[in-house]
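Each remark here refers to the structure printed beneath this line.
The values are calculated or read from the model by the stated rules, or taken from the named source; none is laboratory data. Given the structure is predicted, the values throughout are model-derived calculations rather than measurements. A quick note on method: Cβ atoms are made from the backbone with ideal geometry, for glycine too, and the neighbour counts reach across all protein chains shown. In case anyone asks, the SASA skips ligands and DNA or RNA and just uses the protein heavy atoms, side chains included. Shrake-Rupley method; radii C 1.70, N 1.55, O 1.52, S 1.80 Å.
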Amino acid sequence: FFFGPMARLPEGLPDDVWKVVCDFTGQPALSLVCRHLWTLLQKGHHKLHLRGDSLPRWVEWCQEQVRTAELTVREAGEYVPTLATLRNCTALHTLNLNLRYNQVGDAGAEALATLRNSMALHTLNLD
């Protein structure tokens with residue numbers, strides 16, 4: 001293992017530039033470079049599997065910070081209407097949503113339709 005000093009950031013690069021770079025890559029790896037970037041980018045990009053009942057808790061936890069998300073929702077069942085809570089993610093601009101093996105039905109379609117009122121969402125991919 002290497003236990004040397006943490007990487008040094010280029011001097012004077014503003015935080016919003018780091019966010020744009022991280023958005024461009026779409027990967028959370030940049031947040032692992034140093035403590036400053038960890039603090040700045042820690043909830044910006046997510047790739048995870050959730051059960052339908054835990055989706056509202058996830059939204060509440062990261063709603064103002066998550067910018068891109070790749071979510072696989074399992075066992076949505078009666079919780080399909082909670083998909084509408086995703087519109088509360090005020091910084092979310094790209095969402096890849098995997099609902100495979102769920103019966104979304106009319107309630108799910110209505111919940112997904114509410115995403116059109118999201119503040120920042122410009123890309124939605126459904127699977």
Restrict the check to the range 44-61 and report whether at least one residue is touching a residue at least 12 places away in the same chain (Cβ under 8 Å), of a type outside the set (Asp, Glu), within 30 Å of residue 11 (Cα to Cα) and out of contact with any strand residue (DSSP E or B) (no Cβ under 6 Å at 6 or more places or on another chain). yes
Scan the range 86-93 and tell me whether some residue there is open to solvent by 80 Å² or more (accessible area, probe 1.4 Å) and on the phi < 0 side of the Ramachandran plot. yes
State whether the residues of the range 100-107 include one that is over 29 Å from residue 16 (Cα atoms), part of a loop (DSSP other than H, G, I, E, B) and either modelled with pLDDT of 95 or more or of a type in the set (D, E, K, R) (or both). yes
Single match in 97, 50 (criterion: of a type in the set (A, V, I, L, M, F, W, C), part of a strand (DSSP E or B) and touching a helix residue (DSSP H, G or I) at 6+ places or on another chain (Cβ under 7 Å)): 50
Kindly list, by first and then second residue, each pair from a residue in the range 112-127 that is within 22 Å of residue 44 (Cβ to Cβ) to a residue that is hydroxyl-bearing (Ser, Thr, Tyr), limited to pairs with Cβ atoms under 7 Å and residues at least 6 apart or on different chains. 119/90; 120/90; 123/94
